[in-house]
Structure formats: structure tokens, C-alpha cells
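Laboratory data are not the source of any read-out in this text; all were calculated from the coordinates shown. Computed from a predicted structure; not experimentally measured. Note that each Cβ is placed from the backbone with ideal geometry, even for glycine, and that neighbours are counted across all protein chains shown.
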Amino acid sequence: DQQVKQNSPSLSVQEGRISILNCDYTNSMFDYFLWYKKYPAEGPTFLISISSIKDKNEDGRFTVFLNKSAKHLSLHIVPSQPGDSAVYFCAAEWVSSNTGKLIFGQGTTLQVKP
Amino acid sequence: NAGVTQTPKFRILKIGQSMTLQCTQDMNHNYMYWYRQDPGMGLKLIYYSVGAGITDKGEVPNGYNVSRSTTEDFPLRLELAAPSQTSVYFCASSYSSLVWEQETQYFGPGTRLLVL
């Protein structure tokens, strides 16, 4: 039972354009969502997060949107740069569990072409 | 400040062998986690710990054991290696459970394990 799904395994965009990565979840108990970025042979690194009381969070070129009614979140990268080429994972947490456990999606490989 | 370190980086095991994957963090984090990542899949939680002496199972604990005798160390033990345990293993830590944009999990570089 995949509680967090990233249905697009890969995405290719031109440098300077917008990248939109999508994520869907099924568990309505999730109340905190994160995006991680992963380069080959490295561990994931935190990118941006959003709590369920918000619908948007912005950090520089990165913006995460949350649509709770649709159980959907998306990551927008504007403008995209070649250095953004990586695997992006969305993750969800039920904060009240007080365990810090994250449920990850399968990941989307982003390629930004110069 | 080294963050989260993992050893070894790569290991080949024969079926039935045992080994311990080491994980150490120097950030005085209470919470530590072990994940595995299979090709084309997301990270699956194996075990986690909310403090020294306290561990609990994650999504995929079978075939693994952990211990947490100190705040800094969280080793993962494979007793009887099987081909299904071929994967990349990541250790992570956080100060607490994630609280409203104030915290995140920090990951080590991973251990690539091949069981033949």
C-alpha cells in the first residue's frame, strides 16, 4: 500500500524553464510534507517543507504547493538550472505520532538540459 | 562537524554471512533512522530510535536488528544475508520529530550492499 506516490519517474526540462514535480498521498493523517533532493552516490538532502495548515511555502527558486482536498502536493522550480538535475523525493509525516517517521514516494528524476 | 557518517561505503556479502552497518552522528540528535532504497523505489524505513535504549520497527524490519546504546551510534545488523537485502542503506538523524518546519532529517552518504 503506497501511501505516498510520485507517478512520474522522470522529467526533462530546458534550463530557465519551470520544473513541476508532483506527489499524491492517501493518508489524511499526514500533516507535514517535505521534499528531498538526491544526487548519485550521496544521501538525500532536505529541500523544502510545508505543514498542512498552509497551502504554499516558498524558498528562493523553490515553491511547494499543498492541496489538501486533493491530497496532492507539487514542487515548482523556477527557473530550472542544470545543477537541479537530481532525484527528488517527496515525503510525509504524521507529526502527532511523535516518532519522526517519514513515508517516502518513489522519486522523480529531473534532468535540466542546458 | 561531520554530521551523519556511515561505514562501510560498499560491501559484498555472501548469502548467509552477517555484518554490521555503522552509523554515527555528532549533532546530539535524539532520533535516528535506518532506511533502505531499492532501484526505482523510495526509501523504506527499517528501524528507528527516539533515544538511547529505545528502538522500534519500521516498514521493513525483517532480517535486521538494531541497538542504540549511545546517542551518537545506531548500528544496523544483518544476521543472515539474503539476496533480497541487496540495496543502498541510509542512516538519518534528527533532533526531534519534525515540528512545523523547524526540523528535518539529516542523511548519511549511504552504504551500498551487494549480497551474492
Kirkwood-Stokes translational diffusion coefficient of segment A:65-114, alpha-carbon pairs, 25 °C, 0.890 mPa s, µm²/s: 189
Lys, Arg +1 and Asp, Glu -1 on Cβ, resulting dipole of chain B about Cα centre, debye, nearest 20: 500
Backbone HN-Hα couplings from phi across segment B:78-93 [Karplus 6.51/-1.76/1.60, Hz, Gly and Pro as x]: 10, 8, 10, 4, 10, x, 5, 8, 5, 5, 10, 10, 10, 9, 9, 9
q = 0.19, 0.26 Å⁻¹: log10 I(q)/I(0) that the Debye formula gives for segment B:17-94, counting C-alpha atoms only: -0.74, -1.29
Net charge dipole size for segment A:4-113 [Lys, Arg +1 and Asp, Glu -1 on Cβ; Debye, nearest 20]: 140
Candidate lysines - alpha carbon under 28 Å from residue B:44, same-chain residues fewer than 8 apart omitted: A:5, A:37, A:38, A:54, A:56, A:68, A:71, A:101, B:9, B:14, B:57
Trypsin sites (Lys or Arg not before Pro) restricted to DSSP loop in segment B:1-110 with at most 16 other C-beta within 10 Å: B:9, B:14
Amide H partners (placed H, <5 Å) of residue B:86, local residues excluded: B:115
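Restricting to Cα pairs below 8 Å that are 6+ residues apart, what does the relative contact order work out to for segment B:17-94? Please round to a whole percent.
Working: 169 pairs, mean separation 31.5, N = 78.
Normalised by residue count, the contact order of segment B:17-94 is 40 percent.
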Rotationally averaged projected area of chain A (alpha carbon convex hull; nm²): 7.1
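Could you give the semi-axes, largest first, of the ellipsoid that matches the protein assembly as shown, computed as the square roots of 5 times the alpha carbon gyration tensor eigenvalues and rounded to whole Å?
29, 20, 16
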Calculated FRET value between residue B:20 and residue B:56, using beta carbons and R₀ = 22 Å, to 0.05: 0.70
DSSP-defined antiparallel bridges as percent of all bridges, segment A:4-113, nearest 5: 90
Kirkwood-Stokes translational diffusion coefficient of segment A:1-57, alpha-carbon pairs, 4 °C, 1.567 mPa s, µm²/s: 95
Positive-end residue of A:103, A:16, A:35, charge dipole of chain A with Cβ unit charges: A:16
